[in-house]
Amino acid sequence: MELLRLAEGFQGVPTQEIALAIGETLFYKVAGAALLDARNTGRWEGASTGVSVPLYRGVRYRVGATRGHYVQAEPVLGAIDRGALYLTNHRVLFTGPKQTREVAFAKLVGFQHDQQTGSTAFSLLNRQKPVTVNYGSAASPQFRFRLDLALAHYRGTREVLVRQVLQRLAALDATRPVATSP
């Protein structure tokens, strides 16, 4: 019922924590979020050969060579910064002490949620790599709904979201066991 109330009437709230554009309001904030980035990993495979010749008093001259190559492994997602994640009706904004990333809804191509890890990867028109944020699995359902709500406000499709919430509630009611009288 709370989700229905939010979908029907929540318009966002003003905030002084970030600079908002005209008509922009805050829909959700996650403190302690992480900005993730894929880091290349790998290892050196090879061998070295050579000799070490003593010159005088502990000084040695080394002559040798190395042969081998670097073996590239799969990139691994890791946190590159921690900070606050803001969700407005125009964008998603991560601010941390080292990095700031903005996901403007006007440039959003798509997004993918990972509910188990509590992260979302946003694909944008102006970036080759997706912007991935982690907000934790505990905040995952709330973040997903608030993102859907913010996008519905941005796109002018809030009524469609309200109908979807009503349909989900009706489906849940249909699965409830019927109480029988003794």
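The values are calculated or read from the model by the stated rules, or taken from the named source; none is laboratory data. It should be emphasised that the depicted structure is a prediction, and the values quoted were computed from it without experimental measurement. Positions of Cβ are backbone-derived with ideal geometry, glycine not excepted, and every protein chain shown enters the neighbour counts.
Of all residues in the stretch 132-157, exactly one satisfies the criterion of being among the β-branched types (Val, Ile, Thr) and free of Cβ contacts under 8 Å to residues at least 60 places away in the same chain, namely THR157. For GLY78, are the conditions met, namely being in contact with a Gly (Cβ under 6 Å, 6 or more places away or on another chain) and either loosely packed, with under 10 Cβ neighbours inside 10 Å or over 30 Å from LEU6 (Cα atoms) (or both)? When the stated conditions are applied, GLY78 does not pass them. Among the residues of the stretch 1-42, just one is assigned to a helix (DSSP H, G or I), more than 14 Å from GLN142 (Cα to Cα) and not charged (D, E, K, R), namely GLY9.
I need the full set of residues from the stretch 2-14 which are farther than 15 Å from ALA152 by Cβ and either among the basic types (Lys, Arg) or in contact (Cβ under 8 Å) with a residue 12 or more places away in the chain (or both), in order please.
Restricting attention to the stretch 2-14, the residues satisfying the condition of being farther than 15 Å from ALA152 by Cβ are 2, 13-14.
If the condition is that a residue be farther than 15 Å from ALA152 by Cβ and either among the basic types (Lys, Arg) or in contact (Cβ under 8 Å) with a residue 12 or more places away in the chain (or both), then VAL13, PRO14 are the ones that fit.
Has the stretch 127-144 got at least one residue that is part of a strand (DSSP E or B), within 23 Å of LEU20 (Cα to Cα), among the hydrophobic types (A, V, I, L, M, F, W, C) and in contact with a His (Cβ under 8 Å, 6 or more places away or on another chain)? No, the stretch 127-144 contains no residue that is part of a strand (DSSP E or B), within 23 Å of LEU20 (Cα to Cα), among the hydrophobic types (A, V, I, L, M, F, W, C) and in contact with a His (Cβ under 8 Å, 6 or more places away or on another chain).
Out of all the residues in the stretch 116-127, which are closer than 16 Å to GLU102 by Cβ and either modelled with pLDDT under 90 or of a type outside the set (Phe, Trp, Tyr) (or both)? Step through it out loud before you land on a result.
Here is the first cut: in the stretch 116-127, the residues closer than 16 Å to GLU102 by Cβ are 120-127.
Hits for the stretch 116-127 are THR120, ALA121, SER123, LEU124, LEU125, ASN126, ARG127.
Between ARG158, ARG163, ARG168, ARG176, which is modelled with pLDDT under 90 and touching a helix residue (DSSP H, G or I) at 6+ places or on another chain (Cβ under 6 Å)?
Numbers: ARG163 fails: touching a helix residue (DSSP H, G or I) at 6+ places or on another chain (Cβ under 6 Å); ARG168 fails: touching a helix residue (DSSP H, G or I) at 6+ places or on another chain (Cβ under 6 Å); ARG176 fails: touching a helix residue (DSSP H, G or I) at 6+ places or on another chain (Cβ under 6 Å).
From the options ARG158, ARG163, ARG168, ARG176, the qualifying one is ARG158.
If you go through the stretch 43-76 and keep only what is under 30 Å from VAL131 (Cβ atoms), not charged (D, E, K, R) and not in a strand (DSSP E or B), you end up with ALA73, PRO75. A single member of THR100, THR95 is among the β-branched types (Val, Ile, Thr) and either under 30 Å from ALA170 (Cα atoms) or buried (at least 17 other Cβ atoms within 10 Å of the Cβ) (or both), and it is THR95. Taking the numbered list (1) among the hydrophobic types (A, V, I, L, M, F, W, C); (2) at pLDDT below 80; (3) touching a His at 6+ places or on another chain (Cβ under 7 Å) in turn, MET1 passes all entries but (3). Between ALA65, ALA38, ALA33, the distinction of being over 30 Å from LEU3 (Cα atoms), surrounded by 12 or more Cβ atoms within 10 Å (Cβ to Cβ) and either in contact (Cβ under 8 Å) with a residue 60 or more places away in the chain or more than 28 Å from the chain's Cα centre (by Cα) (or both) belongs to ALA38 only. Which of the residues that make up the stretch 112-136 are touching a Lys or Arg at 6+ places or on another chain (Cβ under 6 Å) and either of a type in the set (Val, Ile, Thr) or buried (at least 19 other Cβ atoms within 10 Å of the Cβ) (or both)? LEU124, VAL131 - these are the residues of the stretch 112-136 that are touching a Lys or Arg at 6+ places or on another chain (Cβ under 6 Å) and either of a type in the set (Val, Ile, Thr) or buried (at least 19 other Cβ atoms within 10 Å of the Cβ) (or both).
Search the stretch 145-182 for residues being hydroxyl-bearing (Ser, Thr, Tyr) and part of a helix (DSSP H, G or I), and hand back the single one that is nearest to THR117 (Cα to Cα).
Start the filter on the stretch 145-182 by keeping residues that are hydroxyl-bearing (Ser, Thr, Tyr), which leaves 154, 157, 175, 180-181.
Checking the rest, the ones that are also part of a helix (DSSP H, G or I) come to 154, 175.
Numbers: TYR154: 27, THR175: 29 Å.
Ranking the candidates gives TYR154 first.
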